[in-house]
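Heads up: the structure comes next, in structure tokens.
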Amino acid sequence: MTKTLKNFHEYILVKDYNYLTDNGANPLPDSFYEALAWQGLTEEGEVVDAYNQLSDEKKAELQESLSLYYPSTTTNCPENN
């Protein structure tokens, strides 16, 4: 899922990706895309159990990545891709 989200961002949402990464010079880390994947799954049935089974360290890493990078993905992005 991480790779798919990253590829979708880079190759489908090209304007957004280029804007956020300075044309790829400063790419978002894989941990950000992994955190997005978990974020979308943490409230859906059995996947909650899988998330709960992650170590506290892993959960903290995912949360930190979201905290660091998510705000930049939701402000001042190009309107259309």
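Taking the conditions exactly as written (more than 15 Å from the chain's Cα centre (by Cα) and either at pLDDT below 90 or part of a helix (DSSP H, G or I) (or both)), does Glu44 satisfy them or not? Yes: the conditions hold for Glu44. Only one of Asn80, Asn52, Asn76 is modelled with pLDDT under 90, of a type outside the set (A, V, I, L, M, F, W, C) and on the phi > 0 side of the Ramachandran plot. Can you tell me which? Sole residue among the options that is modelled with pLDDT under 90, of a type outside the set (A, V, I, L, M, F, W, C) and on the phi > 0 side of the Ramachandran plot: Asn76. Taken as a whole, the structure places Tyr11 among residues that are at pLDDT 90 or above and out of contact with any Lys or Arg (no Cβ under 8 Å at 6 or more places or on another chain).
The values are calculated or read from the model by the stated rules, or taken from the named source; none is laboratory data. Predicted, not measured: the structure shown is a model, and the values here were computed from it. Positions of Cβ are generated from backbone atoms using ideal geometry, with glycine treated the same way; all protein chains shown enter the neighbour counts.
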